[in-house]
1. Find the residue count for the range 229-252, including only residues that are in contact (Cβ under 8 Å) with a residue 60 or more places away in the chain, out of contact with any Ser or Thr (no Cβ under 6 Å at 6 or more places or on another chain) and closer than 17 Å to residue 215 by Cβ.
2. Quick check, is residue 123 part of a helix (DSSP H, G or I) and over 25 Å from residue 322 (Cα atoms)?
3. Quick one: in the range 192-213, of everything that is within 20 Å of the chain's Cα centre (by Cα) and free of Cβ contacts under 8 Å to residues at least 60 places away in the same chain, which residue is farthest from residue 163 (Cα to Cα)?
4. Would you pick out the residues in the range 303-312 that are touching a residue at least 40 places away in the same chain (Cβ under 8 Å) and out of contact with any helix residue (DSSP H, G or I) (no Cβ under 8 Å at 6 or more places or on another chain)?
5. Taking the condition in a helix (DSSP H, G or I) and within 19 Å of the chain's Cα centre (by Cα), does residue 173 pass?
6. Given the residues 99, 94, which is the only one that is surrounded by fewer than 20 Cβ atoms within 10 Å (Cβ to Cβ) and among the hydrophobic types (A, V, I, L, M, F, W, C)?
7. If I filter the range 115-165 down to residues being of a type in the set (Val, Ile, Thr) and touching a residue at least 24 places away in the same chain (Cβ under 8 Å), which single residue comes out as nearest to residue 339 (Cα to Cα)?
8. Filter the range 196-219 down to residues that are touching a helix residue (DSSP H, G or I) at 6+ places or on another chain (Cβ under 6 Å) and within 21 Å of residue 20 (Cα to Cα), then give me how many there are.
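The values are calculated or read from the model by the stated rules, or taken from the named source; none is laboratory data. None of the values given here were measured: they were computed from a predicted structure. In this analysis, Cβ positions are derived from the backbone assuming ideal geometry, glycine residues included, and neighbour counts consider all displayed protein chains.
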Amino acid sequence: MKSDSEKKANRQSVPVAVLGATGYAGVELLRILARHPRVDLTAITSQQYAGKRVSEIYPSLAGKCDLTLEELAPEKIAGRAELIFAALPHETSADAVAALLDKKKRVVDLSADFRLHDPKDYDRWYKGHKAPHLLTQAVYGLTELHRNAVAKARLVANPGCYPTGAILGLAPLYSQKLARGTVLVDAKSGTTGAGRSATVDLSFSEVNENFKAYNVGVHRHTPEIEQELGELARERVPVLFAPHLVPMNRGILSTIYVELKKPPEEGEFKKLYEQFYRGEPFIRLLAPGQFPQAKDVRGSNDCAIGYRYDARTNRLVVVTVLDNLVKGAAGQAVQNMNVMCGWPEDEGLRELALVP
């Protein structure tokens with residue numbers, strides 16, 4: 001059996017860099033890229049740990065990725081990589097991304113800096129944008145919806161973890177304009193969704209044996225969901241988004257409530273979802289009336305979707321689950337890279353869920 005290095009030698013590889021490699025999304029990227037047969041990982045950065053080997057910070061990478069972490073210097077990185085993943089904090093990624101694009105590099109940005117098309121929306125939910133001229137160039141990287149645009153893009157804005165689950169669960173409905181009114185998205189996330197920075201709210205004693213809602217109605221992922229559903233429906237779609245924090249490391253479960261314009265015909269939703277997601281390698285549809293669990297997708301790039309129609313209230317209840325660090329971040333970023341490079345979309349992403 002050939003080793004990973006021998007397999008890479010037999011294929012044309014692309015030099016790739018990761019900015020912000022020691023955050024949770026960054027190290028998840030390293031975990032995936034280290035075994036990707038078409039990637040040559042050439043540079044990784046970390047302001048906090050510059051000068052150290054990444055395997056000193058994450059011993060799980062020892063022997064798999066022992067690169068030395070560097071300070072963020074986009075001009076130097078551009079000389080050693082063709083495609084760059086930017087796993088930097090929101091509102092700080094824009095400068096680095098702009099510098100890399102000036103050097104004619106391709107970028108997959110995991111921050112929120114380029115997800116919203118309208119600068120006014122960005123200003124409302126974040127601070128003023130540092131590179132607003134790039135917003136119209138960025139492709140929203142929900143691969144299942146924008147695959148053709150991703151393939152041609154120089155800048156892909158990787159979606160947020162919460163919006164990925166919500167949009168994928170609702171896209172078939174809104175593409176056919178079957179829903180009306182405000183959609184309610186009730187989502188629960190593991191603690192890694194908040195990043196690796198130490199805060200009191202994420203300490204063990206605060207999270208363990210606890211379950212809490214936060215930023216209800218004012219969470220920054222709300223405009224992403226509204227933007228994408230609105231584009232599908234070709235009209236404004238109001239979203240009430242209620243996120244929650246649960247005491248687990250990984251995973252997002254979203255329960256979504258949608259009022260319908262009219263009662264469905266028998267088997268209508270089964271046919272709709274199967275047709276919309278036919279051939280999609282990372283969408284797992286459950287039988288009507290069955291709902292997925294967070295552990296069903298842990299460690300994988302899958303999004304599992306279940307639904308049930310409630311005739312009494314004329315609402316469809318949709319439940320989606322995904323791993324927030326994989327399909328919700330690093331895995332989806334690699335999926336986008338594969339499409340940008342013309343590679344098989346599931347290259348490096350064929351791992352099954354970790355069960356139990």
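1. Total meeting the criteria: 1.
2. Spelling it out, residue 123 is indeed part of a helix (DSSP H, G or I) and over 25 Å from residue 322 (Cα atoms).
3. Across the range 192-213, the extreme among qualifying residues is 197.
4. 311
5. No, not satisfied.
6. 99
7. Result: 150.
8. Of the residues in the range 196-219, 2 are touching a helix residue (DSSP H, G or I) at 6+ places or on another chain (Cβ under 6 Å) and within 21 Å of residue 20 (Cα to Cα).
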